[in-house]
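In what follows, a single structure is set out as structure tokens and then discussed.
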Amino acid sequence: MIGRLNHVAIAVPDLAAAAATYRDMLGAAVSEPLELPEHGVTTVFVDLPNTKIELLAVLGEDSPIAGFLARNPRGGMHHVCYEVDDLEAACAHLHARGVRVLGDGRPKIGAHGKPVVFLHPADLCGTLVELEQV
Ligand code: CO
């Protein structure tokens, strides 16, 4: 059902420092910061030959990553995102097998303008999983 790894997201306390780490220490191509107020994050994308790394920092009051950063003040791996062809079908398949879709269980338009859902980490090896329809 799942296809390519779309990205790995890393939550960071200092986005400029994290972008500099990937650009200057690791020699990667990094994007300019992009504020996504409706998602409560500012993102920087790191383009790798086979996938992307998404650096996430808090934006605004109700950021969904604020709690994670409170528990992981130096930052850490936040979620992995897998591509699927049909998100509705994927959700039905997972729901039937007891995997919980976070929020109201319905796909939302994600940070890249495509439908996404997030799946409960306790149901998937302790890892927050995002599915993105491509
Ligand atoms: Co993501």
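The values are calculated or read from the model by the stated rules, or taken from the named source; none is laboratory data. Worth saying up front: this structure is predicted, and the values here are computed from it rather than measured. Side chains included, ligands, DNA and RNA excluded: accessible areas come from the protein's heavy atoms. Shrake-Rupley method; radii C 1.70, N 1.55, O 1.52, S 1.80 Å.
Fully extending the segment from Leu5 to Arg74 would add 22.4 nm, taking 0.36 nm per residue of separation and subtracting the current Cα-Cα distance.
For the chain, what percent of Cα pairs sit more than 22 Å apart? The share of Cα pairs beyond 22 Å in the chain comes to 36 percent.
Over the chain, accessible surface divided per residue gives 57 Å², non-protein components excluded, 1.4 Å probe.
Couplings 3J(HN,Hα) for the stretch 8-14, derived from phi with the Karplus relation 6.51 cos²θ - 1.76 cosθ + 1.60 (θ = phi - 60°), are 10, 9, 10, 7, 9, x, 9 Hz, where x marks Gly and Pro.
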